[in-house]
């Protein structure tokens, strides 16, 4: 660890928004600690700022605790300047339906909440001391689906993101005592692996006329983690191309 460089933890960093976020922090000189179910690509490990990648199942509380322990070992008593709670899931039933209030096994709802809600809470608690040392920031990745009915997002996913929005507000209040800011970004239609062909029908609802990119979300995350937003906490930034207005 280089004490002169800032350090960030990014979850779900193997693809999509998480991977682009990790790359952006790297490009701007931060050291990064990442996790995902998969190992990091070999080419990523060649970057000297990439401190470590720890394969982790964030849907399993024991695996989350192991990640917290190993990441804090990597920090070696140094401060943490940002935690990006990006990892999430939007599962389907065996019949390819989104998990709704009337369909799907309720145990699957528990799985969704374990990853989308409890993992960010566990991680925020686990890194609270290191974040306090760095007077750092937490950024939670929520969703437009957490605020309004979405035609392709199931109830389990949407409600878990609603809960994460509420958690962001409450954490902002409590973590302020540690000098740690807590905010969220709420993406709309972003071109990732979660987007299916039927999402094209939503483009007319987007005032800017196109889907966003993972880089669009990554830049908003970076802003909320950086000193440029040093007086911003308890805020949820819409990254939707204006879709949230309707």
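The values are calculated or read from the model by the stated rules, or taken from the named source; none is laboratory data. Just so we're clear, the structure is a prediction, and the values are computed from it rather than from any experiment. Neighbour counts run over all protein chains shown; Cβ positions are idealised from the backbone, glycine included.
If you check every pair at least six apart or on different chains, which have Cβ atoms under 6 Å apart with a residue in segment 205-233 that is at negative phi and free of Cβ contacts under 8 Å to residues at least 60 places away in the same chain first and a residue that is buried (at least 20 other Cβ atoms within 10 Å of the Cβ) and part of a helix (DSSP H, G or I) second?
Partner pairs satisfying both residue conditions: 205/243; 206/243.
Scanning for something modelled with pLDDT under 95, in a strand (DSSP E or B) and either in contact with a helix residue (DSSP H, G or I) (Cβ under 7 Å, 6 or more places away or on another chain) or exposed (fewer than 15 other Cβ atoms within 10 Å of the Cβ) (or both), does segment 85-96 turn up at least one residue?
Yes: one or more hits.
Mind listing just one residue for me: the one in segment 144-154 that is in contact with a strand residue (DSSP E or B) (Cβ under 8 Å, 6 or more places away or on another chain) and surrounded by fewer than 20 Cβ atoms within 10 Å (Cβ to Cβ) and, of those, nearest to residue 108 (Cα to Cα)?
Taking segment 144-154 first, the residues in contact with a strand residue (DSSP E or B) (Cβ under 8 Å, 6 or more places away or on another chain) are 144, 146-147, 152-154.
Narrowing the set further to residues that are surrounded by fewer than 20 Cβ atoms within 10 Å (Cβ to Cβ) leaves 147, 152.
Details: 147: 21, 152: 17 Å.
The extreme case among them is 152.
Does segment 187-215 hold any residues that are out of contact with any helix residue (DSSP H, G or I) (no Cβ under 9 Å at 6 or more places or on another chain) and either surrounded by 15 or more Cβ atoms within 10 Å (Cβ to Cβ) or in a helix (DSSP H, G or I) (or both), and which are they?
195, 197, 198, 199, 200, 201, 203, 204, 212
Based on what the data block shows, is residue 24 modelled with pLDDT of 90 or more, in contact with a helix residue (DSSP H, G or I) (Cβ under 6 Å, 6 or more places away or on another chain) and part of a helix (DSSP H, G or I)?
On the way: modelled with pLDDT of 90 or more: yes; in contact with a helix residue (DSSP H, G or I) (Cβ under 6 Å, 6 or more places away or on another chain): yes; part of a helix (DSSP H, G or I): yes.
Against the criterion (modelled with pLDDT of 90 or more, in contact with a helix residue (DSSP H, G or I) (Cβ under 6 Å, 6 or more places away or on another chain) and part of a helix (DSSP H, G or I)), residue 24 qualifies.
Based on what the data block shows, is residue 57 surrounded by fewer than 20 Cβ atoms within 10 Å (Cβ to Cβ), modelled with pLDDT of 95 or more and in a helix (DSSP H, G or I)?
No.
Report the residue count in segment 139-162 for those that are in a helix (DSSP H, G or I) and free of Cβ contacts under 8 Å to residues at least 24 places away in the same chain.
Going through segment 139-162 one residue at a time, the tally reaches 4.
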